[in-house]
Amino acid sequence: MAVGSDIVTPELVGKHQFDELLDPSFDATHYAHELVRSRDTMELKADKISSIMTDLSATSSSLDARMRATVLGTHEQILEQVLGVASVDVTLEQVEDQVREIKQYMHALRTKIRV
């Protein structure tokens, strides 16, 4: 993991591990069995598992941070849109009120003209 970096990318934690884990045909059970059956020492197996878990945890934390930043950024945009819609709604209500007044005035004029 890069020192001083909050964003963890697959390149920083061993892209080859993620390629295998993210493959659509990846079978976690088969992978675990192969790891257990390997001729590596128990310590090396534990190190592999620990390394994968650490990498996944770091990537998960980075993804969580990115999602939070995206949600917060989008939240601000949505609030601005809502305020814009509210402003348009107020303007529309004013126009509707004026149209009603004009219709009432026209109706009153028609009534006077008929008399």
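The values are calculated or read from the model by the stated rules, or taken from the named source; none is laboratory data. The structure displayed is predicted, hence computed values, not measured ones. All Cβ positions, glycine included, derive from the backbone under ideal geometry; neighbour counts span all protein chains shown. Calculation scope for accessible area: heavy atoms of the full protein, side chains included, ligands and nucleic acids excluded. Shrake-Rupley method; radii C 1.70, N 1.55, O 1.52, S 1.80 Å.
Got a sec? What order do Lys45, Lys103 fall in by accessible area at 1.4 Å, biggest, i.e. largest, first? Don't jump to the answer; show the numbers that get you there.
On the way: Lys45 25, Lys103 135 Å².
From most exposed to least exposed: Lys103, Lys45.
Rounded to the nearest 0.05, what FRET efficiency do Glu96 and Arg68 have when you use their Cβ-Cβ distance and R0 = 35 Å?
0.25
Any idea of Glu96's accessible area? Nearest 10 Å², probe 1.4 Å.
Probe radius 1.4 Å; accessible area of Glu96 about 90 Å².
With every protein chain present, what is the per residue accessible area of the stretch 33-115 (1.4 Å probe, Å²)?
On the way: 7380 Å² over 83 residues.
Per-residue value: 89 Å².
Which FRET efficiency value, to the nearest 0.05, is calculated for Ala58 and His33 with the Förster distance at 22 angstrom and r the Cβ-Cβ distance? Working shown, then result.
Working: r = 26 Å, r/R0 = 1.17.
Calculated value: 0.30.
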